[in-house]
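In what follows, a structure is listed as structure tokens, so that the remarks can point back to it.
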Amino acid sequence: MTKQEESGTYGLMAEFDDPNAVVAAARRVYEAGYRRINAYSPYPIEELSAAIGYHKDLVSLTVFACGILGAIGGFALQYWTSAIDYPLNVGGRPLLSLPSFIPIIFECTVLLASFGAFLGMLGMNRLPEPYHPVFNVPSFARASQDRFFVCIKADDPKFNEAETHAFLQSLGAREVSHVQS
Amino acid sequence: MAAEIEKNEHIDTRPPVIGPGHNFASLTQKIVDIVLMRGFKKGWIFGFAIVFLGALMLFNTIAYLVLKGVGIWGNNIPVGWAFDIINFVWWIGIGHAGTLISAILLLLRQSWRNSINRFAEAMTLFAVACAGLFPALHTGRPWVDYWLFPYPNTMGMWPNFRSPLMWDVFAVSTYATVSLLFWFMGLIPDFATLRDKAKNKVQKSIYGMLAMGWRGDARHWHRYESAYLLLAGLSTPLVLSVHTIVSFDFSVGIIPGWHATIFPPYFVAGAIYAGFAMVLTLAIPVRKFYNIEDFITLRHIRNMCKVMLATGLIVGYGYLMELFMSWYSGNTYEMFMMKNRIFGPYGFMYWLLILCNVLVPQLLWVKKYRDNLLVVFIVSMFINVGMWLERFVIIVMSLNRDFSPASWRMYYPTIFDFTMFFGTIGFFLTCMFLFIRFVPMIPIFEMKTLLPEAKVDEKKVEQLAEGRGPLGATPLPQFGD
């Protein structure tokens, strides 16, 4: 990443050291009308994503779609290869011998659904992402250890550097940092 | 369970899942230190040297095997399946405990699993890798093993999808892939912790790359949790299907002693039995060596003993049913097979099997023994051996004396059968040593959710959010740096 012009502001980041405090702060930020917000925690906190207004993800839908695709693919592969392209008579069984196709259909379903879960999660999270402005905050290293953060992005219509700073401060943050973009 | 709640019903007398006195910072530090420490512990180097010799033995055997062919093994006609398939089934079975712990116990909300799941999943991966070696080499021409997969080829042929051996290819490769995805996904947030904790540039960049830019974003966590839960839900039927399909390799064949409908459940129970024994075999020394008794507590050991006891009883029931069915079938060959199994030339192995898998584990009924690490370790060693013997009994004894006495033949393993088998143990342990040293063996973020302060207290949040009392004024709990 090349040097950015110093005017670039990604947003303001408030630091908390207690899960209750961060959830409370996130709720108040949301109630105050900020929408371009985000929160960070070292472990999953259900209340926190709800507090910033995020309720439903599309992972399960992706997994379901991939699973269906896997099932159809697994069946099509076996049917086409062993009944059409290379008709194989095994012990006089019919060419479409569904019971003996079931194990592989099942495995293909699970395989594709799992890839759907893994890659879907990464894709929707836009990972891998080697650079992100939040890493410019020195204390953010503790977001993966024992600190909790709420960030208001600069592109929020209500964002005003000084006012937002004061607002975050009033929420009882340990520290409010400016996030360089 | 009832026995554990002794005097007062309201007091949980079980040992804790996580030792007292831990907070977010101390917990992170303790797990991260094992990975980020400079240099190596003397004991680690010593142990690694020994197990790496085992791995080298495996590599040499494989090289010689590829050079000379499978004739260096003791396999013969009629015993075409011997150590290779025994070891394959043994290793796959061991792997199953990892998935059981990480997926099934997650779905059952058994939070005690959080400290052992990563460890058990790694065990799964390495065990499946060892397992995969055997059938791949048993094909005789391992350089054309890609023929096993359906791909358009100039021969104009496709694999036979009605064969259990083909199902096996799909089941085992799917299992290996899904286990890897599950394991790696669990590691992503922990790699981020390591990236942020690392002082050294090299460590920072390697763990940074592996973490893929994870930053604990609340939306990311939400999707992550959904994906993790769904993967657990997918792995649960998968793990049952894998050993079921492995058992189909036998039960679809019309060999006396193999052609039995009890095989799938009996094999799955055996797999979990063997896997938990292996988890205990590894966890007992590791928790001592790395002083992580406050993360892998007596509670874990006890619970695992109970799972072993339960699955061991199912396996014992399986043995009983095999006996019963061979008599009830009224089939001469089935009855002869059973007689041969118990009193034939390999009969002592059957009795050893009963000793290892049925008699010795009954010690675990006694609470005193479940709490005694030495006893637990020895019992799990017996089970490891017993489960190997079980596969020997099933595979070799059904083959060596089949329908016509003219084709009977004894099977004797050669030195290469043993170097290959012990070599895979060396290879497996080599991988475990590397894993423990370079990857957090206890999931850091999942352990955090077990701490009492991790829970969001709705009352407190409301109090804080409504601004009753300025937020900052209430002294928030401080976490030591």
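The values are calculated or read from the model by the stated rules, or taken from the named source; none is laboratory data. All of these numbers come straight from a predicted model, not from anything done at the bench. Here the Cβ positions follow ideal geometry from the backbone for every residue, glycine too, while neighbour counts run over all protein chains shown.
Things to note:
- Subset of segment A:122-168 that is among the polar types (S, T, N, Q) and surrounded by 15 or more Cβ atoms within 10 Å (Cβ to Cβ) - its residue that is farthest from the chain's Cα centre (by Cα): A:Thr164
- The set of residues from segment B:194-212 being more than 21 Å from B:Lys30 (Cβ to Cβ) and within 7 Å of chain A (Cβ to nearest Cβ) comprises just one member, B:Met212.
- Residue in segment B:323-336 that is crowded, with 18+ Cβ neighbours inside 10 Å and either modelled with pLDDT of 95 or more or under 25 Å from B:Trp91 (Cα atoms) (or both) present: no
- Restricted to segment B:367-407, and to residues there that are out of contact with any helix residue (DSSP H, G or I) (no Cβ under 9 Å at 6 or more places or on another chain) and in a loop (DSSP other than H, G, I, E, B), the residue that is nearest to B:Val307 (Cα to Cα) is B:Asn372.
- Pairs where the first residue, in segment B:213-236, is at the interface with chain A (Cβ under 7 Å from one of its Cβ atoms) and the second is of a type outside the set (Gly, Ala, Ser) and in a strand (DSSP E or B), C-beta under 8 Å, 6+ apart: B:Arg215/A:Tyr40; B:Gly216/A:Tyr40; B:Asp217/A:Asn38; B:Asp217/A:Tyr40; B:Ala218/A:Asn38; B:Ala218/A:Tyr40; B:Arg219/A:Asn38
- Scanning segment B:76-90 for residues that are over 18 Å from B:Glu390 (Cα atoms) and out of contact with any Phe, Trp or Tyr (no Cβ under 7 Å at 6 or more places or on another chain) yields a total of 2.
- Entirely in segment B:154-260, the helices (runs of 4 or more DSSP H) that have 1 or more residues that are within 24 Å of B:Gly98 (Cα to Cα), out of contact with any Phe, Trp or Tyr (no Cβ under 7 Å at 6 or more places or on another chain) and of a type in the set (Lys, Arg): B:218-251
Each row is one residue, and each column tells you yes or no for (1) more than 7 Å from chain B (Cβ to nearest Cβ); (2) touching a Leu at 6+ places or on another chain (Cβ under 8 Å); (3) at pLDDT 90 or above.
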site	(1), (2), (3)
A:Gly70	yes, yes, yes
A:Gly74	yes, no, yes
A:Gln78	no, no, yes
A:Ala83	yes, yes, yes
A:Pro94	yes, no, yes
A:Ser100	no, no, yes
A:Phe106	no, no, yes
A:Met124	no, yes, yes
A:Pro133	yes, no, yes
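- Of all the criteria given as (1) closer than 30 Å to B:Val178 by Cβ; (2) in contact with a strand residue (DSSP E or B) (Cβ under 9 Å, 6 or more places away or on another chain); (3) part of a helix (DSSP H, G or I), the one not satisfied by A:Pro42 is (3).
- The condition of being at pLDDT 90 or above, surrounded by fewer than 17 Cβ atoms within 10 Å (Cβ to Cβ) and either at positive phi or in a helix (DSSP H, G or I) (or both) holds for only one of B:Gly47, B:Gly80, B:Gly21, B:Gly43, that being B:Gly43.
- Selection count where residues are surrounded by fewer than 22 Cβ atoms within 10 Å (Cβ to Cβ) and among the aromatic types (Phe, Trp, Tyr), scope segment B:169-182: 0
- Pairs with Cβ under 9 Å, 6+ apart, first in segment B:118-142 and assigned to a helix (DSSP H, G or I), second basic (Lys, Arg) and buried (at least 20 other Cβ atoms within 10 Å of the Cβ): B:Ala120/B:Arg113
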